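Chemist: Supplied in structure tokens, the structure appears directly below.
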Amino acid sequence: MRRLIRHIDPWSVLKLSLLLFLCLWVIVMIAGVIVWTVATSTGTIDKIESMVNTLLGQSNFRFNGDFLFRQMGIIGMILTLAMTAATTVMAVVFNLISDIIGGVWITVIEEETARPVSGSPSPPTLL
């Protein structure tokens with residue numbers, strides 16, 4: 001079966017992409033907290049700080065976890081809004097190009113979901 005896609009609703013794309021990118025932002029923030037907690041509890045952060053102090057000849061280099069988390073959140077939110085806007089603009093551009101070329105044909109294959117099994121016993125009949 002062939003279908004023609006001529007129009008994608010930008011409002012629907014905006015809502016869907018905003019929800020998708022917000023979920024991805026939350027996942028990245030939670031993963032960042034988990035990685036930071038594990039790295040702190042295993043002493044990896046202290047080892048990296050001492051290695052940087054040794055390499056640069058400093059004695060006061062420290063990671064500020066609160067500052068890094070805040071910056072990661074702000075940058076992630078900016079990227080979320082930018083990707084949502086970009087996705088919505090792509091939907092509008094698709095609609096404009098679709099008006100010129102007439103749409104995009106896609107082929108959809110329909111498969112039977114309930115196929116009879118050969119050799120299976122017939123259901124019992126009630127008398």
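The values are calculated or read from the model by the stated rules, or taken from the named source; none is laboratory data. Bear in mind that the values here come from a model prediction, so they are computed numbers and not experimental data. Cβ atoms come from the backbone with ideal geometry, glycine included; neighbour counts cover every protein chain shown.
Yes or no, residue by residue, for (1) modelled with pLDDT under 95; (2) among the basic types (Lys, Arg); (3) in a helix (DSSP H, G or I):
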site	(1), (2), (3)
SER59	yes, no, no
ARG62	yes, yes, no
ILE75	no, no, yes
ILE78	no, no, yes
THR84	no, no, yes
ASN95	yes, no, yes
SER98	yes, no, yes
TRP105	yes, no, no
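Chemist: Say whether the condition of being surrounded by fewer than 12 Cβ atoms within 10 Å (Cβ to Cβ), part of a helix (DSSP H, G or I) and either in contact with a strand residue (DSSP E or B) (Cβ under 8 Å, 6 or more places away or on another chain) or modelled with pLDDT of 95 or more (or both) is met by at least one residue in region 45-56.
Modeler: To start, the set of residues in region 45-56 that are surrounded by fewer than 12 Cβ atoms within 10 Å (Cβ to Cβ) comprises 47, 51, 54-56.
Filter once more, keeping what is part of a helix (DSSP H, G or I): 47, 51, 54-56.
Now narrow it down to the ones that are either in contact with a strand residue (DSSP E or B) (Cβ under 8 Å, 6 or more places away or on another chain) or modelled with pLDDT of 95 or more (or both): none.
No: region 45-56 contains no residue that is surrounded by fewer than 12 Cβ atoms within 10 Å (Cβ to Cβ), part of a helix (DSSP H, G or I) and either in contact with a strand residue (DSSP E or B) (Cβ under 8 Å, 6 or more places away or on another chain) or modelled with pLDDT of 95 or more (or both).
Chemist: Further question on the same structure: Please tell me if ILE8 is among the β-branched types (Val, Ile, Thr), under 30 Å from ASP99 (Cα atoms) and surrounded by 11 or more Cβ atoms within 10 Å (Cβ to Cβ).
Modeler: Details: among the β-branched types (Val, Ile, Thr): yes; under 30 Å from ASP99 (Cα atoms): yes; surrounded by 11 or more Cβ atoms within 10 Å (Cβ to Cβ): yes.
Here the answer is yes, as ILE8 does meet what is asked.
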